[in-house]
Amino acid sequence: MNGLMMDFPLTLVHLFERVGRYFPRTELVTRRPDKSIHRSSYGEFHQRVQKLANALQRLGVKPGDRVATLGWNTVRHLEAYFAVPLTGAVLHTLNPRLSPQDLTYIVNHADDQVLLVDDVLVPVWERFAHEVHPRHVIVWGHGGPQPAGTIDYEQLIAPELPSFAFPRIDENQALGMCYTSGTTGRPKGVVYSHRAVVLHSMASAMPDSLGMGASDVMMPVVPMFHVNAWGLPFTAVMTGTKQVFPGPHLDPASLLGLIASEKVTFTAGVPTIWMGILDALDKNPGAFDTSTVKAMVVGGAAAPQSMIEAFEKRHKLTVLHAWGMTETTPLGTVSRLKPALQAAPEADRFRCRATQGLAVPFVEIRAVNDSGAVVPWDGKSMGELHIRGPWIASSYFQNPIEADKFTMDGWFRTGDIVTVDGEGYMRITDRAKDLIKSGGEWISSVELENALMGHPSVKEAAVVGVPHPRWTERPVACVVLREGSKATPSELREYLEPLFAKFQVPDAYVFMAAIPRTAAGKFLKTALREQLKDFKFET
C-alpha cells in the first residue's frame, strides 16, 4: 500500500503565514541607536513585510535577484529577512565589520541589485559605495538626514498594500546567502534554500537541540549578518517566540538591561560576548536580574570550560555549547547531556558540556585521518570533521576552485580537527591550519587557550605555533590580563603543567593589550603569527 503524501513545499511562506495567524499580539522589541525602545508585534510585522514585498517588486526586483542588507539586529532587519525571500529573491546579509575591499568584492561577486542599509551604518557603506553599483539603496532611518541618492524605507513602503500575492516558490529555490569571513583567501558565498532553512528551524527548535517555543523570549546577540543570527530569527517566527533585538548596543550593561527588562529566557552569542557579561556580573553582583534566562547559547568559537562553570556556579546561568559554520546554515551539534550523564560527577558533566556536543537530528558527522580512514569514536583519535545533512552546503556560490571541500558522497570537509568519544560527543581540538606540530607531536592550541582562560588573571588567550630551530614549531601563548591583575610567565607555566604533557606547555608567553580578531569575533591567528614571525626563543 503506497503512502502518498500531499505536495506541501517547505518554504518560508508557511512560517510567515503561521505567525501572522496565531501570534499577532506577540511582541517584537528593538533597542534603537539612541537606546530608546521600539515595540511592535507580529501582527504589525505581518503587514509591513507584505508592504515591503510589494515595494521591492515595484522597484523591479525579480525572483533570483540578490537583495543585500547592511544592518544590526532590529525588527526592520527581520522584515527584510522575510520580505525578500517571499518575493522569490535572495536575502544577502553583509557584515559591516569587514574591510571595504572585502565588502566591495562580496557585493560585486553576488551581483546585489538592491541594498538596505541601517542609517547608523551609512558611513560603512560610503567607504565602498563608489566601487559597487546596486540599482537602489534603501535606508532604514532613525530620524537622521537622508543620504543623497537613497530611498527612505518608510516612505517606500507607506503607499503599498499590506497584502501580497506570493509567487509559487519551489522549496529548493534560494532563500538567502552569506559569505564566509575566512582568514585566508577571498570570502566564499554559501546559498541557503527554503527547504534548508525550514528544516534547520524545525531541528533547532527541538528540546534537545536549542529548544524554543511560544512561551520563550529570545534575544539574538549573534548578529543578523552572521549566518542569519544562527537561524534564530527564522526559528522564533516559526514558533511564535517574542524577539528582543539589541540593535547596535552589544555592551554588557545594555544586554543585561534588556535581559532584565524584557525577561529574556533564551539568548545566543560568541564567547567574547559572554566573557564580557560574566565580568560585568562578577563586578556587580545582584545588579542585574537574570533569573528568567534558561539558556545562553555559545558558538562561533570553542568556549572555555572555566567560563561555563563560572556562569553556573556563581550566577546559576546555563551556558549551552553549540557548533556550526556558515556552510552548515549553521547548526551542526549541541552539547546537551544525555540522561545517563546528568548523574555523573560534576567534573565529568562540565567536561562533557565543554565539548561541541552531539549532532542534531538529520545531521551526520565523522572524523577522517590523513590516510582517508574514518577514525574510531574513542575520544582520543583525531581526524578532520566531515558533516552532511539536508541543510549542509554542497558547493560554494560561483566558486569551482574550492570544490574539493565537498566530497562525492555528500560530505563537507570542515577543516576542523576533532575527536569523538564513545557517547558521540564531538570535541574540536583545532582548525587544521592552527594545529601545532612540535617534534613530530600534535598540540591543540584550543585546549591550551581554554585552560589559560581558566586562570583568574587571564582575560583572553590565543596560542600559535612559532618556528623553532630544533622542534619545527613550539607553542607561544599570547595573553591579555584582566584589568588590575598580574601574572608572570612562570606562574602561567606552573598553572598549565598539571594539566598537560610537558611537550604541550607553551615555551613563551607574550602579554598584549588585545588579541586581533576576525570580523566574526574569532581570534585572528594569521595576524598573531605575522606579529611573531621574528620571535626568538630563549635558549
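The values are calculated or read from the model by the stated rules, or taken from the named source; none is laboratory data. Keep in mind that this is a model prediction, so the values were computed, not measured. Neighbour counts are summed over all protein chains in view; Cβ atoms, including those assigned to glycine, are modelled from backbone coordinates with ideal geometry.
What about residue 360, is it crowded, with 18+ Cβ neighbours inside 10 Å and either of a type outside the set (S, T, N, Q) or in contact (Cβ under 8 Å) with a residue 24 or more places away in the chain (or both)? Against the criterion (crowded, with 18+ Cβ neighbours inside 10 Å and either of a type outside the set (S, T, N, Q) or in contact (Cβ under 8 Å) with a residue 24 or more places away in the chain (or both)), residue 360 qualifies. Any residue that is at pLDDT below 95, hydroxyl-bearing (Ser, Thr, Tyr) and assigned to a helix (DSSP H, G or I) - is there at least one of those in the range 428-446? Yes, there is a match, as at least one residue in the range 428-446 is at pLDDT below 95, hydroxyl-bearing (Ser, Thr, Tyr) and assigned to a helix (DSSP H, G or I).
Looking at the range 486-496, is at least one residue touching a residue at least 40 places away in the same chain (Cβ under 8 Å) and assigned to a strand (DSSP E or B)? No: the range 486-496 contains no residue that is touching a residue at least 40 places away in the same chain (Cβ under 8 Å) and assigned to a strand (DSSP E or B). Of all the residues in the range 226-248, those that are assigned to a loop (DSSP other than H, G, I, E, B) and modelled with pLDDT of 95 or more number 5. List the helices (runs of 4 or more DSSP H) inside the range 1-109, counting only whole elements, that have at least 1 residues being under 25 Å from residue 260 (Cα atoms) and not β-branched (Val, Ile, Thr). Because the criterion is at least 1 residues that are under 25 Å from residue 260 (Cα atoms) and not β-branched (Val, Ile, Thr), the helices (runs of 4 or more DSSP H) in the range 1-109 that meet it are 42-58, 75-86.
A quick yes/no check of all residues on (1) buried (at least 17 other Cβ atoms within 10 Å of the Cβ); (2) among the basic types (Lys, Arg); (3) more than 26 Å from residue 383 (Cβ to Cβ):
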site	(1), (2), (3)
437	no, yes, no
444	yes, no, no
460	yes, no, yes
471	yes, no, no
489	no, no, yes
498	no, no, yes
504	yes, no, no
509	yes, no, yes
514	no, no, yes
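Can you report the number of residues in the range 249-274 which are in a loop (DSSP other than H, G, I, E, B) and either touching a helix residue (DSSP H, G or I) at 6+ places or on another chain (Cβ under 6 Å) or at pLDDT below 95 (or both)? Within the range 249-274, residues that are in a loop (DSSP other than H, G, I, E, B) and either touching a helix residue (DSSP H, G or I) at 6+ places or on another chain (Cβ under 6 Å) or at pLDDT below 95 (or both) number 1. Of the residues in the range 157-174, at least one is assigned to a helix (DSSP H, G or I), in contact (Cβ under 8 Å) with a residue 60 or more places away in the chain and under 26 Å from residue 235 (Cα atoms).
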